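The values are calculated or read from the model by the stated rules, or taken from the named source; none is laboratory data. Because the structure is a prediction, the values reported are computed rather than measured. Heads up, the Cβs are rebuilt from the backbone with ideal geometry, glycines too, and the neighbour counts pull from every protein chain shown.
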Amino acid sequence: MDKYPFLENINNKTMNFYFDKERSRRAHPGNAVFTVGRDEYLPIPKSESDSSQNLYNQNAGY
């Protein structure tokens, strides 16, 4: 443990408690919804637009 001195006070019981709590959490919001007309468009990064030789056009409003 000399390589990671901050881990000296962490034991199996503590880590297992943490993992048990985290395991029960959702990785995404439970109330997420897809909204037609809004969520299917994302901004195109400027670097991609610049290097695309006019293949990509920025979405209106971005």
For region 15-43, give me the residue count where each residue is in a loop (DSSP other than H, G, I, E, B) and either without any contact (Cβ under 8 Å) to a residue 12 or more places away in the chain or farther than 30 Å from Asn57 by Cβ (or both).
17
Failed item in (1) modelled with pLDDT of 85 or more; (2) over 26 Å from the mean Cα position of the chain (by Cα), with Pro45 passing the rest
(2)
Inspect all residues belonging to region 14-32 and state whether any of them is at pLDDT below 80 and in contact with a Phe, Trp or Tyr (Cβ under 9 Å, 6 or more places away or on another chain).
no
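Suppose the filter is part of a loop (DSSP other than H, G, I, E, B), more than 17 Å from the chain's Cα centre (by Cα), aromatic (Phe, Trp, Tyr) and at pLDDT 80 or above; does Tyr56 pass it?
In short, yes.
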